[in-house]
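Notes follow once the structure below has been shown.
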Amino acid sequence: MDKKVLGRYIIVGIVTTAINVVIYWLLTNLLHIHFLTATTISWVVSVLFSFITSKSYVFNSGEKGIGSTMKQLSLFILLRASSYLLDASSMILFVGMLHVSDTLSKIAVNILVVIFNYVLSKKIVFKSNAA
């Protein structure tokens, strides 16, 4: 395991999670947007941030050019869609069914999502440069 990559991923994961949770909180508490809509909006923003930082900082992807970047972005978004399903379904379970605090649920769920996303990014999206 590459400790530098893991360390950078943890830093980016913390910042990505903070972006996700803060946007979610702002949307639900200040704008009174439904928790699933807020989850979706915060997910989109955090995924874009995560792709940019993962490509350039975490995995130091040397791939240049619009074609390779679009291929990586497409794969990244496709795989992140599976983590969105994990995020949204967990929020439905914790908030909608178990009535756990939505902000607390969002933080806990994002810890699982960060781990899940690390494995997907390292093994699939940026595999040639992350080994």
Is it true that some residue in segment 51-61 is in a helix (DSSP H, G or I), aromatic (F, W, Y), over 21 Å from L85 (Cα atoms) and touching a helix residue (DSSP H, G or I) at 6+ places or on another chain (Cβ under 9 Å)?
yes
Residue hits (segment 58-82; hydrophobic (A, V, I, L, M, F, W, C), at pLDDT 85 or above and within 14 Å of the chain's Cα centre (by Cα)) are L73, L75, F76, I77, L78, L79, A81
Do you know which of the residues in segment 83-131 that are over 22 Å from V22 (Cα atoms) and charged (D, E, K, R) is farthest from the chain's Cα centre (by Cα)?
K127
Is it the case that segment 103-114 has a residue that's in contact with a Leu (Cβ under 9 Å, 6 or more places away or on another chain) and among the polar types (S, T, N, Q)?
yes
Output the number of residues of segment 56-101 satisfying the condition of being crowded, with 17+ Cβ neighbours inside 10 Å and at positive phi.
0
How many residues does segment 102-129 hold that are surrounded by 19 or more Cβ atoms within 10 Å (Cβ to Cβ) and farther than 20 Å from V45 by Cβ?
2
Give the residues of segment 1-28 that are within 16 Å of T53 (Cβ to Cβ) and surrounded by 19 or more Cβ atoms within 10 Å (Cβ to Cβ), sorted by residue number.
V5, Y9, V12, G13, T16, T17, N20
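The values are calculated or read from the model by the stated rules, or taken from the named source; none is laboratory data. Source: prediction; values computed, not measured. For neighbour counting, all protein chains shown are included, and Cβ atoms are generated from backbone atoms with ideal geometry for every residue, glycine included.
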